[in-house]
Each structure stands twice: as C-alpha cells, then as structure tokens.
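Please treat every number below as a calculation from the coordinates, not as lab data. Remember, predicted model here, so these are calculated numbers, not experimental data. Neighbour counts are summed over all protein chains in view; Cβ atoms, including those assigned to glycine, are modelled from backbone coordinates with ideal geometry.
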Amino acid sequence: MSVKALFDRSLSAAPCRLHFAAHSHHLWPDASFDGQLEAWADAARLADAKWDKVMGEVWPEAQAHVARELGTGNPDAIVFASNTHDFLVRLWAAAPRRNGATLRVLTTSGEFHSARRQIARWVESGDIQLEQVETEPSDDFADRLFEAAATGEHDLILVSQVMFGTGRIFDQIERLASLARPRGPWVVIDGYHAFMALERPFTAPAATSAFYLGGGYKYAMAGEGCAFMHAPAGFGPRPAITGWYAEFEDLSLPPGKIGYAPDARRFLGATFDPSALYRFNAVQRMLADNGLTTARISEHVATLQRQLLEQLGRTPLANAELLNPVDRAKPAHARFLAFCDTRAKQWQEALAARGCVTDVRGDVLRIGFGIYQDGADVDRLADLLGTL
C-alpha cells in the first residue's frame with residue numbers, strides 16, 4: 001500500500017528528507033491544509049457568529065470521530081483543549097483529596113514528558129505525594145502496579161497505555177478502570193501513543209469510570225492544538241480550574257452564578273483556536289474516503305516494521321536491544337521500534353546529518369512508521385543504518 005499522494009504537500013516540501021518519526025511529529029496530509037483553509041474562511045465569512053458553527057457543528061463532529069476511534073460510543077464525554085498538559089492541570093485541581101490538601105498520585109516511570117515534568121515539579125513544591133512504579137522489568141510490571149493500586153492510598157492513578165520510551169503496551173485498562181470511584185481514586189489513561197495506533201483502545205466498560213487523554217499531534221495526523229479528554233460522568237462535576245466556555249450553552253445565568261455544562265464540557269477553559277478541530281475533521285474524512293481504518297494502517301506499519309527488522313543484520317542496530325519486539329501473535333504494537341544502546345544519540349545525530357529524521361530518548365533510539373512511507377523508504381533507511 002502506498003498513499004504518498006495524500007501527503008504530497010509535506011513530502012514535496014522536503015523531497016530529500018526521510019521521515020521516520022511519525023510517533024513524534026506526524027507529517028500532515030493534504031487534507032489538513034484544506035481544513036485550515038476552511039477554518040479561516042469560516043472566520044472571515046461568519047465573524048462573531050463562527051462560534052455557533054464551531055460549537056454546533058465542528059465540535060460535535062470531532063467528538064464523534066474521537067468516540068468512534070476510542071470505541072466508547074459516547075461523544076458527549078469528549079472535551080478538547082490545546083494540549084494534554086491543560087487537562088493534567090485541571091485534573092490535579094479537580095481530583096478529590098481524601099487526606100488533606102496534598103494529592104496522592106500513583107504513576108509509572110514511563111510517562112510522557114508533559115506529565116513527567118509537571119509531576120516532578122508538584123512533588124518539589126509539595127503539592128502531591130508520589131508513588132512511582134518502575135516499568136522495568138516489564139514481565140511483572142502490571143502485577144507491581146496493581147499491588148500498589150490495591151492499597152487504596154491514592155487519589156489519582158495515571159498510566160500510559162503505550163509507554164513513552166519503550167513502546168510497550170499496558171493492556172489491562174479495564175481492570176485498572178474498575179478501581180476508579182468519583183470520591184477517589186481517579187484513573188487517568190494517557191493514550192497519546194495509543195490513539196489511532198491501537199484499534200479501539202478504550203472500551204465502553206472502562207469509559208464508565210476512567211479518564212482518557214489523547215490528541216491529534218501524532219497518529220491522528222492533525223497537528224498541534226487538538227488534544228482531547230474522555231471524562232466519565234459523575235467525576236468532577238464542578239472543576240476548580242474553569243473558563244467561561246464551561247457554561248457556554250447558557251450565558252444567561254445570573255451574576256455570581258457559576259454554572260457548568262452537564263457533560264465533558266465542564267472541563268473546558270476559555271477562548272481557543274478552533275482551526276485544529278477543522279484540521280482533525282478534514283483528516284478523519286480523508287481517512288474514511290480512502291478506507292484507511294486504524295486497523296488497516298496498523299497492518300501497513302507492521303509490514304514496514306518487519307521489513308526493517310529483517311535487514312538489521314547488516315547494521316549496528318543488530319546488537320542493540322529491541323525493547324518492543326514485534327510478535328505476530330499479538331498484532332497490537334506501538335507505531336515505533338525502540339532500540340536501547342549507548343550509541344543511540346550518536347546514531348540519531350548521524351542519521352539526521354544524512355537527512356533521516358528519527359528521535360532519541362536517553363539511550364533509546366526510536367524509529368517511527370506511518371502511512372506516508374513505503375517499502376522503498378524502509379530500504380533507504382536500512383542502507384543508511386548500515387553506514388553508521
């Protein structure tokens with residue numbers, strides 16, 4: 001399968017570039033350009049009235065796309081923001097504290113940068129008490145996580161579905177969600193590396209009690225500014241950090257009355273740039289028009305990953321540790337391969353000097369795959385790896 005024509009603008013903008021970092025910054029398809037133009041045209045045509053269309057048409061369409069991809073069938077539980085960090089802050093403020101003012105948090109050593117940094121700063125400032133479960137060794141990670149969660153000593157539990165550095169998958173979302181209660185603990189799944197990489201990553205049973213974070217920057221191919229959160233009903237009906245859009249549907253409330261939307265919009269902030277939602281919707285329509293489901297894209301990526309692995313014997317990566325091996329018996333896999341080696345940064349820099357984009361996290365070289373690549377691209381990458 002080759003769908004390079006759908007990415008003509010991005011590919012032709014740097015024709016010599018070999019981009020294997022779809023997991024970090026996914027190239028934008030041409031449809032996203034059309035969505036951006038639509039947002040501008042609506043702003044010019046409708047002016048102040050554009051918000052009626054944004055909240056009445058664009059927003060519900062985006063909610064429906066996300067709910068379908070998650071597998072929850074509940075679009076009203078979806079709320080958008082510019083980035084997932086916004087949601088982390090709102091969750092921190094809204095989550096119940098059963099033991100005074102300090103939020104007790106359980107998380108892992110494999111969390112995304114925005115969560116890792118913010119949590120570390122809250123620990124430093126004394127705003128949270130943290131228990132962190134190491135993701136390695138991976139064989140008993142889930143057991144150790146549930147052992148910690150079973151103590152009942154936490155107000156909020158945050159776990160990535162696909163681990164940020166290693167690409168390993170945490171596949172017991174429903175079990176973890178079953179621990180959540182409105183009074184605490186709250187369970188938050190960071191699905192940024194799972195959304196549109198794993199088919200229906202968040203089931204309806206889990207959705208009744210757990211939060212889920214994701215966005216359009218990676219496999220949804222819509223660029224920045226389109227983060228989302230699934231917020232289960234009954235959890236945080238009156239978030240402490242709140243903007244006026246949280247009561248957008250009823251601006252006639254009397255002065256001094258702090259109202260909240262009855263659905264996930266209760267977590268909204270204030271005025272935002274809606275162009276990301278236009279891009280997201282345009283890309284979703286493009287994928288549907290071309291029959292590009294998440295399952296089909298995953299099959300394409302898996303083929304490319306196996307193709308590269310078959311050629312590693314002639315490269316230095318043959319001696320690196322592959323942290324997330326490809327297993328045909330388990331089709332669910334991250335959209336990147338994570339190679340652990342002390343030479344990872346050296347390799348990434350050498351590839352960049354040759355026009356090949358990958359990324360590195362510590363001693364881990366991550367090579368990401370997407371539908372804008374084909375077999376010829378993988379052969380080119382293997383040739384470059386052979387020169388390291």
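Explain nothing, just the number: dipole magnitude of the chain about its Cα centre with +1 on each Lys and Arg Cβ and -1 on each Asp and Glu Cβ, in debye rounded to the nearest 20.
220 debye
Rounded if a/c is under 1.5, else prolate if a/b beats b/c, else oblate: with a ≥ b ≥ c from the C-alpha gyration tensor eigenvalues square-rooted, which is segment 110-229?
Rounded is the answer for segment 110-229, as its axis ratio a/c remains below 1.5.
If amide H atoms are built 1.01 Å from N in the plane of the peptide, which residues on other chains or at least 5 residues away come under 5 Å of the amide H of GLN129?
Here the answer is LEU103, ARG104, VAL105, since their amide H atoms fall under 5 Å of that of GLN129.
Restricting to DSSP loop positions (anything but H, G, I, E, B) with no more than 10 other Cβ atoms inside 10 Å of their own Cβ, which trypsin sites (Lys or Arg not before Pro) remain in segment 312-354?
ARG328
Output wanted: per-residue J couplings in Hz (rounded whole) for segment 353-366, from phi through Karplus 6.51 cos²θ - 1.76 cosθ + 1.60, θ = phi - 60°, x for Gly and Pro.
5, 9, x, 10, 9, 10, 8, 9, 10, x, 9, 10, 8, 10
Enumerate the calculated ³J(HN,Hα) couplings along segment 168-177 in order (Karplus 6.51 cos²θ - 1.76 cosθ + 1.60, θ = phi - 60°), each rounded to whole Hz, writing x wherever the residue is Gly or Pro.
Karplus values, whole Hz, x for Gly and Pro: 6, 9, 8, 10, 10, 5, 4, 4, 5, 4.
Report, ordered by chain and residue number, the aspartates and glutamates lying within cross-link reach of LYS257, taken as a straight Cα distance under 17 Å and ignoring same-chain residues fewer than 8 apart.
Filter leaves GLU247, GLU249.
Once amide H atoms are placed 1.01 Å from N in the peptide plane, what residues at a sequence separation of 5 or more from THR203, or on another chain, have their amide H within under 5 Å of its amide H?
Excluding prolines and chain starts, which carry no amide H, there are no hits.
Once you list every other residue whose beta carbon is under 10 Å from the beta carbon of ARG104, what net charge do they have if Lys and Arg are +1 and Asp and Glu are -1?
Neighbour charge sum, excluding ARG104 itself: -1.
Can you pull out the trypsin sites (Lys or Arg not before Pro) in segment 161-245 whose DSSP state is coil and whose Cβ has at most 12 other Cβ atoms within 10 Å?
Of the trypsin sites (Lys or Arg not before Pro), the ones in loops of segment 161-245 whose Cβ has at most 12 other Cβ atoms within 10 Å are ARG183.
Quick one: which residues, 5 or more positions from VAL357 or on another chain, have an amide H under 5 Å from its amide H? H modelled 1.01 Å from N in the peptide plane, none for Pro or chain starts.
Here the answer is LEU18, HIS19, PHE20, since their amide H atoms fall under 5 Å of that of VAL357.
With unit charges on the beta carbon (Lys/Arg positive, Asp/Glu negative), name the residue among GLY35, THR108, PRO60 whose Cα is farthest towards the positive pole of the charge dipole of segment 32-286.
The Cα lying farthest towards the positive end belongs to PRO60.
What are the ³J(HN,Hα) values, in whole Hz, obtained from phi via the Karplus relation 6.51 cos²θ - 1.76 cosθ + 1.60 with θ = phi - 60°, for each residue of segment 33-39 in sequence order, with x given for Gly and Pro?
The phi angles translate into 5, 5, x, 5, 5, 4, 4 Hz.
Equivalent-ellipsoid semi-axes (√(5λ), Cα gyration tensor) for segment 43-125, whole Å, largest first?
Taking √(5λ) for each eigenvalue gives 33, 16, 13 Å, largest first.
What per residue convex hull volume, in Å³, do the alpha-carbon atoms of the chain yield?
Residue-normalised Cα hull volume stands at 143 Å³.
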